[in-house]
Amino acid sequence: AGSPTQVHLPTDGYYVLAAYLLTGEHVERRFFVEPLHPFDLRKGKRGLGAIELVSRYSAFSVGDEVFTGGLADPNLWANRVYAIDTGANWYLNKFTRIYLGWQHAAFNKPVTFRPGGWQTTSDLFWLRFQIYF
């Protein structure tokens, strides 16, 4: 207390991602996905859009110095986590996307989840609508 101290805090993280467009689109760079047949319900112009399956594995760790340096309480927090994400992107057209996904995360020690509740894993289901402009 009263004087600042420095703590060297090593961190490490990475991820591996795989994605596959089921509807035949070719993507050179991850900027826009332009469906070969944009979503359209009008007769003669019907299109489904583009559908992409996505999966990712990621890991992140913080050195034990986060605890020994007094930055976090080892009784309440974890310093390593990995996560698996899987889901699908539905590109209605070049500018809109709907994403449905599931994420499973696991911590190296139990963390507080709610008052009186501890857990070592977390599951998240999510739906996102995105507009590019």
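The values are calculated or read from the model by the stated rules, or taken from the named source; none is laboratory data. Every value quoted in this text rests on a predicted model; they were computed, and no experiment measured them. Note: ideal-geometry Cβ built from the backbone for every residue, glycine included; neighbour counts use all protein chains shown. Surface accessibility is based on the protein's heavy atoms, side chains included, excluding ligands, DNA and RNA. Shrake-Rupley method; radii C 1.70, N 1.55, O 1.52, S 1.80 Å.
Quick notes on this one:
- Matching residues, region 58-74, being of a type in the set (A, V, I, L, M) and assigned to a loop (DSSP other than H, G, I, E, B): Leu71, Ala72
- Restricting region 53-67 to residues that are without any contact (Cβ under 8 Å) to a residue 40 or more places away in the chain and not hydrophobic (A, V, I, L, M, F, W, C) leaves a set whose member that is surrounded by the fewest Cβ atoms within 10 Å (Cβ to Cβ) is Asp64.
- Unmet criterion (only one of (1) β-branched (Val, Ile, Thr); (2) surrounded by 15 or more Cβ atoms within 10 Å (Cβ to Cβ); (3) within 30 Å of Tyr132 (Cβ to Cβ)) for Val16: (2)
- So Thr5, is it open to solvent by 60 Å² or more (accessible area, probe 1.4 Å), among the β-branched types (Val, Ile, Thr) and in a loop (DSSP other than H, G, I, E, B): yes
- Residues within region 31-52 that are surrounded by 14 or more Cβ atoms within 10 Å (Cβ to Cβ) and within 20 Å of Gly87 (Cα to Cα), tallied: 9
- Any hit, region 39-52, residues being assigned to a strand (DSSP E or B), free of Cβ contacts under 8 Å to residues at least 40 places away in the same chain and in contact with a Leu (Cβ under 7 Å, 6 or more places away or on another chain): yes
- Qualifying residue in region 68-85 (condition: in contact (Cβ under 8 Å) with a residue 60 or more places away in the chain and in contact with a helix residue (DSSP H, G or I) (Cβ under 9 Å, 6 or more places away or on another chain)): yes
- Complete set of residues in region 75-106 that are farther than 30 Å from Ala50 by Cβ, modelled with pLDDT under 95 and either in a strand (DSSP E or B) or open to solvent by 60 Å² or more (accessible area, probe 1.4 Å) (or both): Asn75, Leu76, Trp77
- Any chance Glu28 is open to solvent by 60 Å² or more (accessible area, probe 1.4 Å) and touching a Lys or Arg at 6+ places or on another chain (Cβ under 7 Å): no
- Only one of Arg97, Arg56 that is within 19 Å of Tyr20 (Cβ to Cβ) and in contact with an Asp or Glu (Cβ under 8 Å, 6 or more places away or on another chain): Arg56
- Total residues in region 112-133, condition open to solvent by 100 Å² or more (accessible area, probe 1.4 Å), outside any strand (DSSP E or B) and within 30 Å of Thr96 (Cα to Cα): 1
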